[in-house]
Amino acid sequence: MKNRLEQKTVLITGATSGIGKATAEEFATLKANLILTGRREERLKALKDDLEAKYSISVKIEAFDLTDTQACERFVASIDTPIDVLVNNAGLALGVDPVYALQESDVEQMFSVNVKALLTLTKLISPQMRSRNEGHIINISSTAAHEAYAGGVVYCASKHAVKAITEATKKDLHGTNVRVSMVSPGLVETEFSQVRFKGDVSKADSVYAGLKPLVAEDIAEIITFVANRPAHVNIMDTIIYPVYQSSPTMVHRDE
């Protein structure tokens, strides 16, 4: 496969674990230079040291909270190189409460991270892409963007919002060479479920019991594939399930 990403600059949010970390590693194998964000500075430092040693690329890191708009503004203002690919990966689910029992703090955090932070970085970085008439915005969504399910009212709503943002952003940039894409995974075994169940490991493990789920590297390969298409090719979305899953709620489990 032709490598069109060598020496490109890729910004990835939520890079300390899971899909974000795997995506950083996958772009690194293609010799892209990286700018990585997350809240856990020690993990970012370890990832930077590992990737720079293995691939002889430039890796810049910044630990901050993406829900802090002013911190996002300072971060983007500090970047001294054009961003070729923005991967809006940071996101989370909290709880499985029905709509009549929602916790307000969970609602606020999910919308702040999954929607507002994504919009903030897109707003801050898309102007430079538009002025250069090139660049690629890739939003990491979920199959929950395509089908809602009980116990996921807020998470599904936030990912439906990501789908709308992706489509509207492409239309806002219509007539330019800036590409806009979305990647929508199903069940991926990462820290996602541990976060959703607020540290309850047994509940998190039960999500993946009796099946072979996707892993972060599966999604990272698809993200880099989307980014590595020829400049005239724009993949708007990909929906990825493990074979054991056919919809957000249809999951086969071995006895």
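The test for being of a type in the set (G, A, S), out of contact with any strand residue (DSSP E or B) (no Cβ under 8 Å at 6 or more places or on another chain) and buried (at least 21 other Cβ atoms within 10 Å of the Cβ) holds for S158. Among the residues here, K2 does not qualify as surrounded by 18 or more Cβ atoms within 10 Å (Cβ to Cβ) and more than 16 Å from the chain's Cα centre (by Cα).
For the stretch 64-113, which positions are among the hydroxyl-bearing types (S, T, Y) and not in a helix (DSSP H, G or I)? The answer is T67, T81. Of all the residues in the stretch 53-65, those that are more than 15 Å from A22 (Cα to Cα) and not small (G, A, S) number 6. Count of the stretch 29-59 residues, restricted to those that are aliphatic (A, V, I, L, M), part of a helix (DSSP H, G or I) and surrounded by fewer than 23 Cβ atoms within 10 Å (Cβ to Cβ), is 4.
Within the stretch 182-197, is there a residue that is part of a loop (DSSP other than H, G, I, E, B), on the phi < 0 side of the Ramachandran plot and of a type in the set (D, E)? For the stretch 182-197, residues part of a loop (DSSP other than H, G, I, E, B), on the phi < 0 side of the Ramachandran plot and of a type in the set (D, E): present. For the stretch 187-227, the tally of residues that are surrounded by 20 or more Cβ atoms within 10 Å (Cβ to Cβ), of a type outside the set (V, I, T) and modelled with pLDDT of 95 or more stands at 6.
For the condition within 19 Å of R4 (Cα to Cα), touching a residue at least 60 places away in the same chain (Cβ under 8 Å) and either of a type outside the set (A, V, I, L, M) or crowded, with 16+ Cβ neighbours inside 10 Å (or both), N177 does not qualify.
The values are calculated or read from the model by the stated rules, or taken from the named source; none is laboratory data. Fair warning: this is a prediction, and the values are worked out from it, not measured in the lab. Reconstructed Cβ throughout: ideal geometry from the backbone, glycine too, with neighbour counts over all protein chains shown.
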